[in-house]
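Structure first, then comments.
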Amino acid sequence: MKNDTPEELNSDNSDQELSRLIDEVMSSSTSSLNDEQYRQKMQRRKEVQDQRIAKAKPEKGLIIVNTGHGKGKTTAALGMVMRSLGHGYKVAIVQFIKGAWEPSEKRVFSHWPDQLEFHAMGEGFTWETQDRDRDLDKASAAWDKSLEFIRNPDFKLVLLDEINIALKLGYLQVEQILAGLAEKPADKHVILTGRGAPPALIEKADLVTEMTLIKHPFKDQGIKAQAGIEY
């Protein structure tokens, strides 16, 4: 390993070194290290990590996309909602598809009436409504409501739940979503969930997570959606 000081490492090199150090620590090879060798390796990892943190920007409003065929996209987003509420921030949630249900999340979040706006504006999945014109109208209304929160500087976080599905089905166009996101205040975070996020949205986003499906209880075992897990 080179004996560069943290100041001499550029960002790319520090990222590569940190990744390598983490891999080494997680591998079984560390079992062969004595206490002093292990301490030195951890010290070097801390130096590299501290350097990255020191160079990081203090704050930026993020565009966050949770997509993929695996479960957990909305659940992960709701975790961020809880964190924001815990910090005392105002949060808005607009559901584009799941509005036909009475989600348990809505009942839980009703305990923060002064911080949270929750709007379930869809009527369920398209095979439930069987009315494309009505789906288009509902998606348009949900996007109009979303724009109100995106533009409003009082709201720190806006969750657009299942908006990617509306994009995939052609109810909304990615160009109008990107134009709306460009209007957000610099410190506002916006989360967009749902499978099939379009490439243009992924390119624009600051944080993208793809949930990968490995096994599913309904698909693999015929187990219906259950309270506390799916809703």
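The values are calculated or read from the model by the stated rules, or taken from the named source; none is laboratory data. It should be emphasised that the depicted structure is a prediction, and the values quoted were computed from it without experimental measurement. Cβ atoms come from the backbone with ideal geometry, glycine included; neighbour counts cover every protein chain shown. Only protein heavy atoms, including side chains, enter the accessible area calculation; ligands, DNA and RNA are left aside. Shrake-Rupley method; radii C 1.70, N 1.55, O 1.52, S 1.80 Å.
Some notes on this structure:
- Selection within region 68-82 - open to solvent by 10 Å² or more (accessible area, probe 1.4 Å) and of a type in the set (V, I, T): T74, T75
- Test set (1) at pLDDT below 85; (2) open to solvent by 10 Å² or more (accessible area, probe 1.4 Å) - H119 fails condition number: (1)
- Count of residues meeting criterion [surrounded by 14 or more Cβ atoms within 10 Å (Cβ to Cβ) and touching a residue at least 24 places away in the same chain (Cβ under 8 Å)] in region 31-56: 7
- The numbered conditions (1) open to solvent by less than 50 Å² (accessible area, probe 1.4 Å); (2) closer than 30 Å to G88 by Cβ; (3) assigned to a helix (DSSP H, G or I) are all true for A139 except (2).
- Residues that are of a type in the set (D, E) and in a helix (DSSP H, G or I), drawn from region 104-124: E105
- Index of the failed condition, K215 passing every other in (1) over 17 Å from the mean Cα position of the chain (by Cα); (2) over 22 Å from Y89 (Cβ atoms); (3) open to solvent by less than 20 Å² (accessible area, probe 1.4 Å): (3)
- Search result, residues across region 150-182 that are open to solvent by less than 10 Å² (accessible area, probe 1.4 Å) and in a helix (DSSP H, G or I): I150, I163, N164, A166, I177, G180, L181
- Selection within region 189-226 - assigned to a helix (DSSP H, G or I) and either farther than 28 Å from I63 by Cα or touching a residue at least 24 places away in the same chain (Cβ under 8 Å) (or both): A200, L201, I202, K204, P217, F218, K219, D220, Q221
- Selection status of L85, of a type in the set (A, V, I, L, M) and either in a loop (DSSP other than H, G, I, E, B) or over 14 Å from the mean Cα position of the chain (by Cα) (or both): yes
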